[in-house]
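Here is the structure we will look at, set down as structure tokens.
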Amino acid sequence: MPETAKPDFANWSCPLPLRDYPNIVMGHGGGGKLSSELVEHLFLPAFRNDALANLGDAAVLSPLHGRIALSTDTFVVQPLFFPGGSIGNLAVNGTVNDLSVSGARPLYLTAGFVLEEGFPIADLARIVEEMAASARAAGVQIVTGDTKVVERGHGDGCYINTAGVGVVPDHLRLGPSLVQPGDVVLVSGTIADHGMAIMSVREGLEFESAIVSDCAPLNDLAARVLEAGGNSVHAMRDPTRGGLGATLYEIANAANAGIVVEEAQLPVRPAVHAACELLGLDPLFVANEGKMAVFVAADAADAVLAAMRAHSLGADAQRIARVVADHPQMLVARTRIGSNRVIPAQIGEQLPRIC
Amino acid sequence: MKYLTEFRDGEVASRMAKEIRQIVTRPWCIMEVCGGQTHSIIRNGIDQLLPEGVEMVHGPGCPVCVTPLEVIDRALAIAAQPEVILCSFGDMLRVPGTDKDLFQVKSAGADVRIVYSPLDAVKIAIKNPEKEVVFFGVGFETTAPPNAMALHIARQQGVRNFSMLVSHVLVPPAIEAIMQSESNRVQAFLAAGHVCSVMGYWQYPPIAEKYRVPIVVSGFEPLDIMEGLRRTLLQLERGEHRVDNAYERIVTFDGNRTAQQLLAEVFEVCDRPWRGIGVIPASGWRLNAAYHDFDAERRFAVTDIHAVESPLCHSGEVLRGALKPNQCPAFGKQCTPRHPLGATMVSSEGACAAYYNYGRYIAVEELTHA
């Protein structure tokens with residue numbers, strides 16, 4: 001395949017030098033010719049940008065203006081490809097979202113791969129292609145990276161670490177300690193989609209309707225929220241592992257306040273809700289990968305909610321809870337039938353019930 | 001999936017609560033037998049909507065809670081054997097044995113897998129012919145049919161490396177044991193709807209008659225439970241003691257005959273120890289002679305099991321309805337969902353865990369500062 005300026009990944013197939021090795025061998029992580037072939041024929045064409053093209057030991061970037069936000073996350077999801085995305089999308093969006101909800105504009109990412117000997121290069125190419133697509137969608141550049149290969153049986157095919165750099169405007173103040181009684185909690189859309197999508201394929205559960213991960217970059221939505229709410233926005237979070245419930249607990253603890261959740265207001269897709277009921281799981285504690293929770297002063301809540309709903313990733317946004325001075329560090333749900341209950345913090349993973 | 005909304009309607013619930021308040025003229029003590037109902041009552045705060053004096057007592061219908069410690073220790077010992085893949089439903093993994101739980105055995109290298117159906121365990125056995133696959137088969141009449149089906153298929157297909165550690169228990173003998181107990185306060189029962197979906201409710205009229213106790217078959221959604229309570233309280237106030245079916249959309253008098261035939265093919269009735277309660281005569285199922293080859297207890301001659309219950313744990317009294325979870329001296333102190341002393345604190349259906357997790361916040365607030 002001749003090298004072209006813009007590789008067409010839709011019709012991509014393994015470039016010539018890689019074809020000799022359809023699967024990852026130890027040498028791909030050895031720093032020799034095989035390693036550089038992987039970089040030259042797979043990573044560079046996908047992530048193409050000036051900083052990366054130098055192939056230095058470090059990416060050298062232009063000066064940034066504002067406070068610098070730095071975040072890192074490691075991705076070990078199984079299966080690597082799932083309804084609505086892949087580990088590649090997650091690796092980019094996960095770090096982009098961590099930066100975004102910190103009020104930063106994400107700019108650059110690094111990508112570290114731990115590959116298992118025998119992992120198909122075609123799968124790696126697909127993952128890399130999806131990382132590139134997510135990076136383009138989020139407007140960030142992947143500027144440096146690393147690949148290591150571990151022996152067969154010592155990894156799960158592919159692990160990815162990404163770190164990200166973003167810039168936070170000087171005037172912006174955000175953080176859980178700013179959250180106070182009276183604040184309103186908004187969520188940008190339906191919860192528990194990602195966790196149930198993963199479970200539906202990982203556990204071989206066959207649900208009648210497909211449940212799709214919500215994996216998406218939140219940088220644009222976060223910018224709109226800050227635009228609409230200004231300093232009335234006290235904190236933002238992307239509730240991933242542990243779900244919205246874990247996020248609410250985190251904020252309740254940090255702010256030493258209580259949170260009252262209106263159960264009837266929680267947006268949950270019917271198929272996701274049904275799957276959760278079937279397995280005895282609480283959607284509040286199931287993972288998301290493209291949702292944000294916003295803690296905002298009551299008088300700005302309507303404006304922020306309207307801004308969220310005007311965005312394609314916030315169309316199902318809802319006002320779901322309020323922060324109160326009572327019962328500090330505790331979540332209480334107002335149930336559909338009008339009673340109250342404590343929402344317990346989870347100890348480990350939720351376990352499906354027997355019957 | 002209308003049941004998720006229709007049977008949780010707030011307006012209907014408050015109408016029903018009002019109706020119940022109008023029926024009740026004096027205190028009553030009602031036991032919901034099934035752990036799933038306990039979970040729903042506490043999670044939805046149904047007890048808060050009941051008139052003062054109507055007391056819900058939580059029954060022994062949580063399979064995780066009543067499985068004897070000795071059986072759990074046996075499962076742990078079998079799981080620890082190198083050739084074994086132990087398959088279990090998720091919430092059995094956290095149940096503590098005498099020294100450890102299945103999670104700890106797993107992290108020490110045992111192959112322990114969560115499955116959603118015992119049929120998946122049979123599939124795992126077919127895929128791993130060099131391994132011994134054991135399914136931990138606990139539960140009431142509800143979980144027994146899929147277990148029986150798994151055994152039926154394994155026998156039919158000659159899956160010789162599959163076996164089951166069986167500790168099934170039955171509801172009607174438990175109800176009788178509660179009524180015979182000297183300290184009994186229970187005046188009526190909500191019978192477990194899903195058990196009855198399998199078994200029907202033909203077993204209950206003689207019990208209602210013998211002990212002069214109303215038994216109302218009830219579902220699990222908030223409105224199902226409230227309807228069950230409404231019908232129960234009507235009987236109590238009128239001095240009646242009938243078997244009534246408030247879960248008509250699922251339960252018939254005869255139950256699922258096909259399932260019952262399959263159960264008869266695989267199991268036979270036996271005396272069974274209930275954790276925290278003791279041996280109840282003819283209260284369980286074990287594999288019958290035709291299925292002895294699939295009995296994990298026979299296949300793995302595990303000896304050296306010395307089950308020791310925590311002396312602080314009062315789960316037996318909780319399961320009999322003699323003690324409320326929060327009346328146990330260890331509740332929320334030495335015993336929490338994180339460090340459970342007894343099984344009632346482990347399963348989300350266990351009365352202690354349900355109390356700890358979903359209790360009204362004032363009570364829980366006191367606990368967190370204790």
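The values are calculated or read from the model by the stated rules, or taken from the named source; none is laboratory data. Predicted, not measured: the structure shown is a model, and the values here were computed from it. Here Cβ is always computed from backbone atoms with ideal geometry, including for glycine, and neighbour counts include all displayed protein chains.
Before moving on, here are some points about what is shown:
- Among (1) away from chain A (no Cβ under 14 Å); (2) modelled with pLDDT of 95 or more; (3) closer than 22 Å to B:Ala282 by Cα - the single one B:Ala174 does not satisfy: (2)
- Every condition in (1) closer than 27 Å to A:Arg136 by Cα; (2) more than 14 Å from every other protein chain (Cβ to nearest Cβ) holds for A:Gly182 except the one numbered (1).
- Listed by first and then second residue, the pairs linking a residue in the range A:332-350 that is more than 7 Å from chain B (Cβ to nearest Cβ) to a residue that is of a type in the set (Val, Ile, Thr) and in a strand (DSSP E or B), with Cβ atoms under 6 Å apart and 6 or more places separating them unless they lie on different chains, are A:Ala333/A:Val261; A:Ala333/A:Ile343.
- Number of residues in the range A:298-316 that are touching a residue at least 40 places away in the same chain (Cβ under 8 Å) and not hydrophobic (A, V, I, L, M, F, W, C): the value is 4.
- For the range B:36-70, filtered to residues that are small (Gly, Ala, Ser), within 11 Å of chain A (Cβ to nearest Cβ) and not in a loop (DSSP other than H, G, I, E, B), the residue that is nearest to the chain's Cα centre (by Cα) is B:Gly61.
- Of everything listed in (1) part of a loop (DSSP other than H, G, I, E, B); (2) under 10 Å from B:Ile85 (Cα atoms), the single unmet condition for B:Arg160 is (2).
- Scanning the range A:314-331 for residues that are facing another protein chain (nearest Cβ under 9 Å) and of a type in the set (S, T, N, Q) turns up just one, A:Gln329.
- Residue that is surrounded by fewer than 21 Cβ atoms within 10 Å (Cβ to Cβ) and either among the acidic types (Asp, Glu) or more than 14 Å from chain B (Cβ to nearest Cβ) (or both), where the choices are A:Ala274, A:Ala235, A:Ala223: A:Ala223
- Yes/no for A:Leu99 being without any contact (Cβ under 8 Å) to a residue 60 or more places away in the chain and in contact with a helix residue (DSSP H, G or I) (Cβ under 9 Å, 6 or more places away or on another chain): no
- A:Ala321 touching a residue at least 12 places away in the same chain (Cβ under 8 Å), part of a helix (DSSP H, G or I) and more than 24 Å from A:Gly85 (Cβ to Cβ): no
- Just one of the numbered conditions (1) more than 14 Å from every other protein chain (Cβ to nearest Cβ); (2) modelled with pLDDT under 95 is not true of B:Asn161: (2).
- Selection of the range B:1-35 for residues being of a type in the set (Gly, Ala, Ser) and more than 8 Å from every other protein chain (Cβ to nearest Cβ) yields B:Ala17, B:Gly35.
Here's the yes/no breakdown for (1) touching a strand residue (DSSP E or B) at 6+ places or on another chain (Cβ under 8 Å); (2) modelled with pLDDT under 85; (3) of a type in the set (Phe, Trp, Tyr):
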residue: A:Ala321; (1), (2), (3): yes, no, no
residue: A:His327; (1), (2), (3): yes, no, no
residue: A:Ile347; (1), (2), (3): no, yes, no
residue: A:Pro352; (1), (2), (3): yes, yes, no
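- Among the residues examined, B:Glu227 does not qualify as modelled with pLDDT of 95 or more and surrounded by fewer than 15 Cβ atoms within 10 Å (Cβ to Cβ).
- When the range B:122-145 is filtered for residues that are within 14 Å of chain A (Cβ to nearest Cβ), outside any loop (DSSP other than H, G, I, E, B) and closer than 16 Å to B:Gly90 by Cα, the ones remaining, listed by number, are B:Phe135, B:Phe136, B:Gly137, B:Val138, B:Gly139.
- Which listed residue is crowded, with 17+ Cβ neighbours inside 10 Å, in the same structural domain as A:Val268 (by TED's automatic domain parsing) and touching a Phe, Trp or Tyr at 6+ places or on another chain (Cβ under 7 Å), from A:Met330, A:Met308: A:Met330
- Residues in the range B:71-121 that are among the charged types (D, E, K, R), within 14 Å of another protein chain (Cβ to nearest Cβ) and under 18 Å from B:Val138 (Cα atoms): B:Asp91, B:Arg94, B:Asp101, B:Arg113, B:Asp120.
Residue-by-condition table, conditions (1) without any contact (Cβ under 8 Å) to a residue 60 or more places away in the chain; (2) over 28 Å from B:Ile42 (Cα atoms); (3) out of contact with any helix residue (DSSP H, G or I) (no Cβ under 7 Å at 6 or more places or on another chain):
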position: B:Leu223; (1), (2), (3): no, no, no
position: B:Leu229; (1), (2), (3): no, no, no
position: B:Leu234; (1), (2), (3): no, no, no
position: B:Asp244; (1), (2), (3): yes, no, no
position: B:Glu248; (1), (2), (3): yes, no, yes
position: B:Phe253; (1), (2), (3): yes, yes, yes
position: B:Ser283; (1), (2), (3): no, no, no
